[in-house]
Amino acid sequence: MDMDFNGDLSCLDAEMLQLSEISPLALKSNPYIAQQLFEQWLSLPDTNRLVKSLVNDAKAGNLLNVSGNASCTNAAATNTIPSMFPAGSAPPLSPRSSSGSPRVMKQRTGPSSLGSPLKVLSEPVKELIPQFYFQNGRPAPKELKERCLFRINQIFYGHTEGLQMNEFKVVTKEICKLPSFINPVLFQKIDVDGAGFVTRDAFVDYWVNGNLLTMDIAMQIYTILKQPDHMFLSQDDFKPVLRELLATHPGLEFLQSTPEFQERYAETVIYRIFYYINRAGNGQLTLRELKRGNLIGAMQHADEEEDINKVLRYFSYEHFYVIYCKFWELDTDHDFLIDKENLIRYGNHALTYRIVDRIFSQVPRKFTSTVEGKMGYEDFVYFILAEEDKSSDPSLEYWFKCVDLDGNGVLTRNEMQFFYEEQLHRMECMAQEPVLFEDILCQIIDMIKPENESYVTIRDLKGNKLSGSVFNILFNLNKFMAFETRDPFLIRQERENPTLTEWDRFAHREYIRLSMEEDVEDASNGSAEVWDESLEAPF
């Protein structure tokens, strides 16, 4: 086999020739010697056989295995690259340091230590990234699933046909860890056919295989309550929950003889929930709003506490009593609607006509009442919560919209002066020492410390404890005078119970007042059980 080498002499790497008998430095300094030696090496019979076997392997697609002592599939395993010098005739090499040159110490990669251009490239190793998104929720870990199935089997043992709704409550409480008044909704979600019972397999399929087991409690309640084709919770979705609460809670048993007030209580609770949590104000409570609110904790508290009045968030009966009685006092004709003249009497004529006009222009919130110029019960609930708890964000947003006459998102000097003018006139009529608006404006700036002193934004108001007092100064004379006098008794109350909100304190005071008035009225009638059905009195 004749082989010609016409390549560049610089391509002949002295080390790759593996001529241990000749110094690589000598070959580099005399490249023509290297060419002659390489041609002589190619002419050797052993070299001819080795090159032929490598070419054949390359054509066949076999892995090339070439090394200093390499052999191929067609050559003997002991074949080595032949030397051009007879044994023992090579001159001695100069000793090398243990460190060696960078070229000698360099690690060669790939199947061939000779750096053959025919080496096979290995594919990069693919790193397996674990799944982190699950469209229908993360599957339950094996141990959690086994524990859950074990407890499910215990509860359903002996109930081959399944559990009825009252029997299913233990599943809601112990397996699902949900408030007991969620039970009817959960039961009906699983009993889609209305058979009246839930089997073990049906529950496992819904709760375990549906991955509700691994969801957080807010997501679980959201999934159970919402309609299948909705991405939000509506007020109607909470009605079966409140019906069950009224039917089973020991603190509400006394209402079972008055179903009309059960309905009013349920409505009031739902209105309060949406007032505080549905910040978009569109009647569509999203999962994000549910998680950001405190409703879940309040539901758990109501399920554990026998005294419903200790559940101050949303469910307190005393709070409902105050709201309903306040509405009843203003609704003189008892048509369940309030007009401007009715509302102006609120709080012993505390509000100005100008702010009442803004409320009935439906700027802060569009009325649910279909009668023009009339406010319904739901609208009144939003109003009284905003009026009596101006420390909350929903209240600040409510009154900010009222005072922002042009709706540009800022309260200017002229807008605040427009509302304060009526306050000033009322103080003069009551022989009170009037406070000029210039002084009031300086006081407001000192209280709020807005970013720009020429106007006030909603961002300036939120997070400031004195923000509510700004609105009282502008349109609530009674609270403005109380703020100026700084009642020491009220200040001490706030310090003793810092966790109570302004609404909590107001509702507590009003409930005591209303209870005392009712006791006096009952005593004057000679009986504590007189019920004037002709007037449809609330209680």
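Taking square-rooted eigenvalues a ≥ b ≥ c of the alpha carbon gyration tensor, is the range 133-248 rounded, prolate or oblate, where a/c under 1.5 means rounded and, failing that, a/b exceeding b/c means prolate? Show your work: numbers first, answer last.
Working: a/c = 1.72, a/b = 1.11, b/c = 1.55.
Oblate is the answer for the range 133-248, as a/c is 1.5 or above yet b/c matches or exceeds a/b.
Roughly how much of ARG272 is accessible, in Å² to the nearest 10, using a 1.4 Å probe?
Its heavy atoms expose roughly 10 Å² to the probe.
Rounded to a whole number, what % of the accessible area of the range 389-494 do carbon and sulfur atoms account for, probe 1.4 Å?
Values: 2920 of 5520 Å².
Taking all protein chains in place, the range 389-494 shows 53 percent carbon and sulfur surface.
On a straight-distance basis, which lysines could pair with LYS59 in a cross-link, Cα separation under 22 angstrom, same-chain partners fewer than 8 positions away excluded?
Filter leaves LYS119.
What pairs in LYS340/LYS479; LYS177/LYS366; LYS326/LYS390; LYS291/LYS390; LYS291/LYS479; LYS189/LYS401 have C-alpha atoms more than 29 Å from each other? Provide the component values of the computation, followed by the final result.
Working: LYS340/LYS479 20 Å; LYS177/LYS366 38 Å; LYS326/LYS390 18 Å; LYS291/LYS390 23 Å; LYS291/LYS479 34 Å; LYS189/LYS401 41 Å.
Long pairs (Cα-Cα over 29 Å): LYS177/LYS366; LYS291/LYS479; LYS189/LYS401.
Would you work out which of LEU396, MET427, ASN476 lies farthest towards the positive end of the dipole of the range 382-511? Charges go on Cβ: Lys and Arg +1, Asp and Glu -1.
Farthest along the dipole direction, towards plus: LEU396.
Using a ≥ b ≥ c from the Cα gyration tensor of the range 359-417 (square roots of the eigenvalues), is it rounded, prolate or oblate, where a/c under 1.5 gives rounded and otherwise the larger of a/b and b/c decides, a/b for prolate? List each step's numbers first, then the result.
Values: a/c = 2.70, a/b = 1.45, b/c = 1.86.
Since a/c reaches 1.5 but b/c is at least a/b, the shape of the range 359-417 is classed as oblate.
The values are calculated or read from the model by the stated rules, or taken from the named source; none is laboratory data. All figures in this text were calculated on a predicted structure; none of them were measured in a lab. Note: ideal-geometry Cβ built from the backbone for every residue, glycine included; neighbour counts use all protein chains shown. For accessibility, only protein heavy atoms count, side chains too; no ligands or nucleic acids. Shrake-Rupley method; radii C 1.70, N 1.55, O 1.52, S 1.80 Å.
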